[in-house]
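For reference, the structure I am asking about is given below.
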Ligand code: SF4
Ligand code: SF4
């Protein structure tokens, strides 16, 4: 994205839904590979799209703890669904990536090859505000330090980000609590708000960068009138009041530090399968491990990087055994890092309130309810302590 001064940002415009095809044309003409939400295998997934027809028109989503179902909507909304199992992490920080390969020649010499450079420039279409925040988190972690991750850097380079503000929060969403949505403030080249009523199916579009403004200038559009601006603002404001979950963020890192020995970890562990689903679907969980493979002759070897999970026993394996051998310790590690020590490490929460870990936990473990339980137990302990002091 190319930053732009406020003076250069063109005024918001309205485009008809049919103009999404022109948006695809404009992005293809610039050489972008377009990635966006589409319905596949019973879920809204993030996939490469050739045309706007592949967007998930008329499909909504019902979520709850441990539950995710597609449903038909009674309109043709293209982005009328909350977060699916994948996030933009699957594009920018892929689940598997080759690191190098090596071949032994007949004369015994070994040639090591690095993977080919990233060929795609991605246009990310339909990024929700919570996921804009998640990309910002990954940016800090993976390219914000002294040793940028080459895979992420290659895939992130030259992105065009088209956000779609959220007017359809799910029952597991809590971005309002985390301050990451449903309005898109920054981090996008274009931001769209989908509007569907008697006036038709259309989008309010704001440009955030010069690159976004250039694309917008190629679309059939009209200046956004006051009524459209007001409608879009109130649709997003209304979404903020319809979040299915909330998270008390005040003092959260301290709560987790104080809860180190809480009896609640046993309770969570009695429900947690340590399957790691929550870390796979989380848009900010970034941990990886490496694995080596060879062919049967032993003449060809490859090293791959793949996602890892702090719920995996091997994740904390040091000489002689795993540091976190129990489910209690592993869940505590995950939630304490995500909501507490992430602040110390990266200056923000590691949670953006997307709700994916709640929907995709097979036993319905709910990060917001676990925090509420820890909070109640600490209150009870403080009140007991107060009695003892009297
Ligand atoms: S909290 Fe749920 S999703 Fe996460 S490891 Fe435990 S059972 Fe799996
Ligand atoms: S911890 Fe859960 S709600 Fe928070 S960002 Fe990760 S998946 Fe989303």
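The values are calculated or read from the model by the stated rules, or taken from the named source; none is laboratory data. Remember, predicted model here, so these are calculated numbers, not experimental data. So basically every Cβ, Gly included, is an ideal-geometry build from the backbone, and we count neighbours across all protein chains shown.
Residues checked against (1) in contact (Cβ under 8 Å) with a residue 40 or more places away in the chain; (2) within 25 Å of residue 12 (Cβ to Cβ); (3) not in a loop (DSSP other than H, G, I, E, B):
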| residue | (1), (2), (3) |
| --- | --- |
| 227 | no, yes, yes |
| 230 | no, yes, yes |
| 234 | no, yes, yes |
| 238 | yes, yes, yes |
| 246 | yes, no, no |
| 250 | no, no, no |
| 253 | yes, no, yes |
| 262 | yes, no, no |
| 270 | no, no, yes |
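This table checks each residue for (1) within 10 Å of ligand 1 (Cβ to nearest atom); (2) in contact with a helix residue (DSSP H, G or I) (Cβ under 7 Å, 6 or more places away or on another chain); (3) more than 17 Å from residue 287 (Cα to Cα).
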| position | (1), (2), (3) |
| --- | --- |
| 301 | no, no, yes |
| 310 | yes, yes, no |
| 317 | no, no, no |
| 320 | no, no, yes |
| 330 | yes, no, no |
| 342 | no, no, no |
| 349 | no, yes, no |
| 354 | no, yes, yes |
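Same structure, new question: Checking residue 114 against (1) in contact with a helix residue (DSSP H, G or I) (Cβ under 6 Å, 6 or more places away or on another chain); (2) modelled with pLDDT under 95, only one condition comes out false. Which one?
Only one criterion in (1) in contact with a helix residue (DSSP H, G or I) (Cβ under 6 Å, 6 or more places away or on another chain); (2) modelled with pLDDT under 95 is unmet by residue 114, namely (1).
Please tell me if residue 140 is within 16 Å of ligand 2 (Cβ to nearest atom) and outside the structural domain of residue 365 (by TED's automatic domain parsing).
Spelling it out, residue 140 is indeed within 16 Å of ligand 2 (Cβ to nearest atom) and outside the structural domain of residue 365 (by TED's automatic domain parsing).
Please go through segment 187-214 and give me each residue that is out of contact with any strand residue (DSSP E or B) (no Cβ under 9 Å at 6 or more places or on another chain) and touching a residue at least 40 places away in the same chain (Cβ under 8 Å), ordered by number. Let's see the steps before the verdict.
Residues of segment 187-214 that are out of contact with any strand residue (DSSP E or B) (no Cβ under 9 Å at 6 or more places or on another chain), as a first pass: 197-199, 210.
Correct list: 210 only.
A further question follows. Take residue 84 and tell me if it is closer than 17 Å to residue 359 by Cα and either outside the structural domain of residue 173 (by TED's automatic domain parsing) or part of a loop (DSSP other than H, G, I, E, B) (or both).
yes
(1) within 16 Å of ligand 1 (Cβ to nearest atom); (2) outside any loop (DSSP other than H, G, I, E, B): which one isn't true of residue 91, the others all being true?
Exception for residue 91: condition (1).
Considering only segment 160-180, I want to know if a residue exists there that is free of Cβ contacts under 8 Å to residues at least 24 places away in the same chain and either over 24 Å from residue 280 (Cα atoms) or assigned to a strand (DSSP E or B) (or both).
No - not one qualifying residue is present in segment 160-180.
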